[in-house]
Amino acid sequence: MKLGRLGKFQHRRRGTQPLPRSVLVDASNLHVGGGVQVAASLVEQFVTTGSFPWLDSATVLISSEVAANVPASVVGHHAVSVVDSRPQTWRRWAPPRHSYAVSFVVFGPEYGWPRARRRIVGFADVRSVHPVPRGMTVRPRDAAFMALRGHVSRALTRRADLLVVESPAMAAQVVARRIVPASRVAVVSNSFHGVFDRPQDWEPIGAIPAPAEPGFDLCYVSRAYPHKNHEFLALVAREARALGVRLRFVLTLDEGEWDRASDELRSCSVNLGPVSITQVPSVYQAVDGAVFPSLLEAFSATPLEAMRMDVPLFASDRDFVRSICADGATYFDPLDAPDAARSIVAVLTDPGRRESQVTRGRAVVAALPDAAARADATGSLIEAELDRAHQEVARAT
């Protein structure tokens, strides 16, 4: 494994002209959440498919968290370096300007000096578009901080030559908020990781304790960000109990998140701790269904993963889910625990409805782009920006 804070940047000199067909792919700023899985999937596809000619002269920077979710052969590729960077330390690793023809920051905003003649930035910072999700109560101080953070994020994002978003709905928001015009926005749909199509690569999880009484287990594969709405699950379990059904939730929180959870949530849940992408399929295999009560998303792959693994999906009745999952999920109001409990119990206690839900979910997933298609679309955008960069150089000489 190649480690280093500066990586290949240490060999660049300030003022160097863009190298022929030179590309920077940067996922070194991704350390938690779904962005890590997206970056891992993209980088793995770039390296293993062999269909991206620009990769031969590229620099690919990944964080240690991304590296932990790709095969060793990917980390060992000549283009790949493991570099952990964070916004507060960008001055220590900021490279000279325009060392590359094209840069692609998998998820921005991009901090520091411009590193390429043409810059592509992935945008999934939904909190900069909607600082306070509908139904989430925040202190005035926190609301002010999120508004300021969103302003900074949008200002930094405007510097990109091309913004890549994961859904038409997010593209519309980007244009409506005047972050960039529609001509500088491309939509590349999110997808589940390619490992879900390779059962031979699935890794087991630890044994889940047997429940004290009959009932159903539902997983929620997510970090405990406020908008993920974890505490809502405790209310759902209480309402389900009133209907005579035991619901238990299988969570993937880190130690600190689990310690901060309420006693009521902990009493109706079992926590696996963080899991790798190769373990996620095993999580779905161990449960009776998946729940997704999030209040706000750009485009989470979690609902797609659940449908791909043939488990019934119960999700927030909000546009960011419905626009992707269509009739592949059973929907509930993520602010109404009785509604959620009734919806979940009605499906889980009726084998026919449950199988019908799984069948519809399978059809939805089959019609969506897979990980390879996402990488192909992203690679094509990089190739197009390379052509533009070289046209600019030709016009300037």
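The residues of the range 21-62 have, on average, 26 Å² of accessible surface per residue, using a 1.4 Å probe with all protein chains present. Considering only Leu148, Leu156, Leu272, the Gaussian network model of the chain with Cα springs below 10 Å gives its largest mean-square fluctuation to Leu148. The angle between the Cα long axis of helix 232-242 and the longest principal axis of the Cα atoms of the chain comes to about 20 degrees, rounded to the nearest 10. Residues of the range 159-195 falling in the label zone of Glu392, defined by backbone nitrogen less than 18 Å from a point 7 Å along Cα to beta-carbon, are 159-164, 180-186.
With 0.36 nm allotted per residue and the present C-alpha distance subtracted, the Ala286-Arg266 stretch has 5.3 nm of extension available.
Helix 337-348 and the long axis of the chain differ in direction by around 80°, with both axes built from C-alpha atoms. DSSP beta bridges confined to the range 149-274 are antiparallel in about 0 percent of cases.
The long axis of helix 140-157 is offset from the longest Cα principal axis of the chain by roughly 40 degrees. Pairs of Cα atoms in the chain fall into 20 Å distance bins, from 0 up to the last occupied one, in shares of 27, 56, 17, 1 percent.
Roll a 1.4 Å probe over the protein chains and send me the accessible area per residue for the range 213-346 in Å².
35 Å²
With θ taken as phi - 60° and the Karplus curve 6.51 cos²θ - 1.76 cosθ + 1.60 applied, the whole-hertz 3J(HN,Hα) list for the range 64-75 is 5, 5, 5, 4, 5, 10, 10, x, 4, 5, 6, 4 Hz, x standing for glycine and proline. Let me make sure I get this right: for the range 150-273, a, b and c are the square roots of the gyration tensor eigenvalues over alpha carbons, sorted descending. Under 1.5 in a/c it's rounded, otherwise prolate if a/b > b/c, else oblate. Which is it? The shape class here is prolate.
The order of the peptides 26-35, 202-211 by mean Cβ neighbours within 10 Å, most packed first, is 26-35, 202-211.
Judged by the mean number of other Cβ atoms found within 10 Å, the most tightly packed of the peptides 361-372, 251-262 leads the ranking 361-372, 251-262.
Calculate what fraction, in whole %, of the accessible area of the chain sits on carbon and sulfur atoms when a 1.4 Å probe is rolled over the protein chains. Of all accessible area on the chain, carbon and sulfur atoms account for 53 percent.
The values are calculated or read from the model by the stated rules, or taken from the named source; none is laboratory data. Computed from a predicted structure; not experimentally measured. For neighbour counting, all protein chains shown are included, and Cβ atoms are generated from backbone atoms with ideal geometry for every residue, glycine included. Heads up: the accessible areas ignore ligands, DNA and RNA and are worked out on the full protein's heavy atoms, side chains in. Shrake-Rupley method; radii C 1.70, N 1.55, O 1.52, S 1.80 Å.
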